[in-house]
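Structure first, commentary second.
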């Protein structure tokens, strides 16, 4: 079941990233054409692009955890034996879950309070709450992804740094 959920989230994240990137690129291109071709501009274009980039950032955070590409300092991982390395990964994932819980809680709280106030965006006149919704959703996705990291660290045998580097070299060839 966990594997199916992981594949579903992967698919949804990929589709969301492509959609938001396409929207940002297309709207930016239209804005350039309107501004320099017709000597006019779209009043809502900048807002759409900014919101698309914000959504890409929050979706990208979850993808980064899934693929293990967030910025990290690996000095300690290189110095300790593989068995300790497993616990370092689990500990960092537990801390990540604590952060993600706070992100989800506060993100959905911001969404709810903004929705209650009825705030509208300046150019699009859409409810600002929907701009804040990806914050809480990202927290939920991060919790799922960090649980996946813990599962993988627990199930898979620990790997030494030399074995990890050898595997990376094989991928490059």
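Read the figures in this text as sums done on the coordinates, not as results from a lab. Note that the structure is a prediction, hence the values are computed from the model and not measured. Heads up, the Cβs are rebuilt from the backbone with ideal geometry, glycines too, and the neighbour counts pull from every protein chain shown.
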Problem - Label-point gap, in nm, between residue 94 and residue 57 - each point 7 angstrom along Cα→Cβ - result: 3.1
Exercise for the section: Working from Cα positions, state the angle (0 to 90°, nearest 10) between the long axis of helix 45-67 and the longest principal axis of the chain. Expected result: 10
Problem - Fraction of the pair-distance distribution of the stretch 1-80 above 16 Å, Cα-Cα pairs, percent - result: 64
Fill in the blank from the handout: Most exposed to least, judged by fewest other Cβ atoms within 10 Å, 55, 147 sort to 147, 55
Practice task
Could you list the square roots of 5 times each eigenvalue of the Cα gyration tensor of the stretch 95-136, that is, the equivalent ellipsoid semi-axes, sorted largest first and rounded to whole Å?
Solution key: 24, 10, 5
Handout entry: Rounded to 10°, Cα long-axis angle of helix 161-172 versus longest principal axis of the chain
Key = 50
Fill in the blank from the handout: From DSSP H assignment alone, runs of 4+ in the chain each adding -39500 (n - 2.57), the sum over residues rounded to the nearest 500 puts [θ] at 222 nm at -27000 deg cm²/dmol
Practice task
Please report the relative contact order for the chain, taking Cα pairs under 8 Å with a sequence separation of at least 6, and give it as a percent rounded to a whole number.
Solution key: 24
Exercise for the section: Can you tell me the 0 to 90 degree angle between the C-alpha axis of helix 2-32 and the longest principal axis of the chain, rounded to 10? Expected result: 40
Exercise for the section: For residue 5 and residue 76, calculate 0.36 nm times their separation in residues minus their Cα-Cα distance, and state this gained length in nm to one decimal. Expected result: 22.4 nm
